[in-house]
Amino acid sequence: MSSAASGRFTTLLRWLGLTLVLLLLLQLIAVLMVNGWGEESFRQLVSSVLVTQAPMAFVGLLLVLIGARLDEPQSHRTPLHWLVAVISGVLALGLLVTIPVSISADRAVSDEADQALRSQKGQLQMARASMQAPEVVNQVIGQLEQGGQIPEKASPDQKRQAARAIMDRQLQQAEGQLKQAEQRRDLAANQRRIGGIGSAFVLMVAFALLALVAVL
């Protein structure tokens, strides 16, 4: 590759890398302009934007560093190297701050989900206990008779069996909904802890290493 072509290639790498970093900056500015640091939801949003968009900035800074090394292989502490180091260090610190914010948000969301599940389990237990109450069974029988779901000539035992069958199906549906809610809670918790907190930690280490490599 000729020196002119090599120069154009490294320039393209640098500008492409800076563009990716600029995209992260624009995403953060769009959120920070709201200025709602006092609200938990706002801090969670900032953390989410930083964690999800940071890999793009990491690739961008890596391209800038590669372009700088190709352009000046003997120089290791040019202004461009320091720029990569500073931006990487700032992002590493930002990700470090997001970790406790993400942990706090995960704890709050988990508590809300657990409370909702406890309420749903309590309702299910009440419904299961109500099946043993004769007045509830008679009420269901009356509803079925009004809806024409029980023949007029049916015996009292047949009516009770039909009512209990309906109530059993309703309980099975409620238990299925409870299991689905528990699965959704577990899936969301894994996504927050592994995809959010875990990703923030890995990216923090990656940016810290990139900052060191840039000036070594």
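The values are calculated or read from the model by the stated rules, or taken from the named source; none is laboratory data. Treat the numbers as computed from the prediction; the structure is a model and nothing was measured. In this analysis, Cβ positions are derived from the backbone assuming ideal geometry, glycine residues included, and neighbour counts consider all displayed protein chains. Just so you know, the surface numbers come from the protein's heavy atoms only, side chains and all, with ligands and any DNA or RNA stripped out. Shrake-Rupley method; radii C 1.70, N 1.55, O 1.52, S 1.80 Å.
Would you list the membrane-span-like helices of the chain, meaning whole DSSP H runs whose alpha-carbon atoms span at least 15 Å along their axis and whose mean Kyte-Doolittle value is at least 1.0? Kindly include the intermediate steps, with their values, before the conclusion.
Details: long enough: 3-32 (43 Å, 1.63); 40-71 (45 Å, 1.14); 79-130 (75 Å, 0.50); 134-146 (18 Å, -0.16); 156-190 (51 Å, -1.45); 199-215 (25 Å, 2.81).
Qualifying helices, which must be both long enough and hydrophobic enough, are 3-32, 40-71, 199-215.
List the longest stretch of the chain that has no exposed loop site; here a site is one of the GluC sites (Glu not before Pro) assigned by DSSP to anything other than H, G, I, E or B, with at most 11 other Cβ within 10 Å.
Looking at the chain, 40-151 is the longest stretch - no exposed GluC sites (Glu not before Pro) with at most 11 other Cβ atoms within 10 Å.
Give the carbon-plus-sulfur fraction of the accessible surface of the stretch 171-216 in %, rounded to a whole number; probe 1.4 Å, heavy atoms of protein chains only.
Here carbon and sulfur together make up 63 percent of the probe-accessible area.
Could I get the Rg over Rh figure for the chain? Both from C-alpha atoms, Rh via Kirkwood, rounded to two places.
We get a ratio of 1.36 for the chain.
At 1.4 Å probe radius, can you tell me the per residue accessible area of the chain in Å²?
The answer is 63 Å² per residue.
What percent of all Cα-Cα pairs in the stretch 24-112 falls in each 5 Å bin, counting up from 0?
Reading upward from the zero bin: 3, 13, 20, 19, 15, 11, 8, 6, 4, 2, 1, 0.
Are there chymotrypsin sites (Phe, Trp or Tyr not before Pro) in the stretch 25-67 that DSSP marks as loop and that have at most 10 other Cβ atoms within 10 Å, and which are they? Walk me through the numbers on the way to the answer.
Values: sites: 37, 42, 58; in loops: 37.
Counting only loop positions with at most 10 other Cβ atoms within 10 Å, the chymotrypsin sites (Phe, Trp or Tyr not before Pro) in the stretch 25-67 are 37.
Which value in deg cm²/dmol, rounded to the nearest 500, describes the helix-derived mean residue ellipticity at 222 nm for the chain, given -39,500 (n - 2.57) per DSSP H run of n ≥ 4 and division by the residue count?
Calculated mean residue ellipticity at 222 nm is -30000 deg cm²/dmol.
Starting from the stretch 150-216, pick out the trypsin sites (Lys or Arg not before Pro) whose DSSP state is loop and whose Cβ has at most 11 other Cβ atoms within 10 Å.
153
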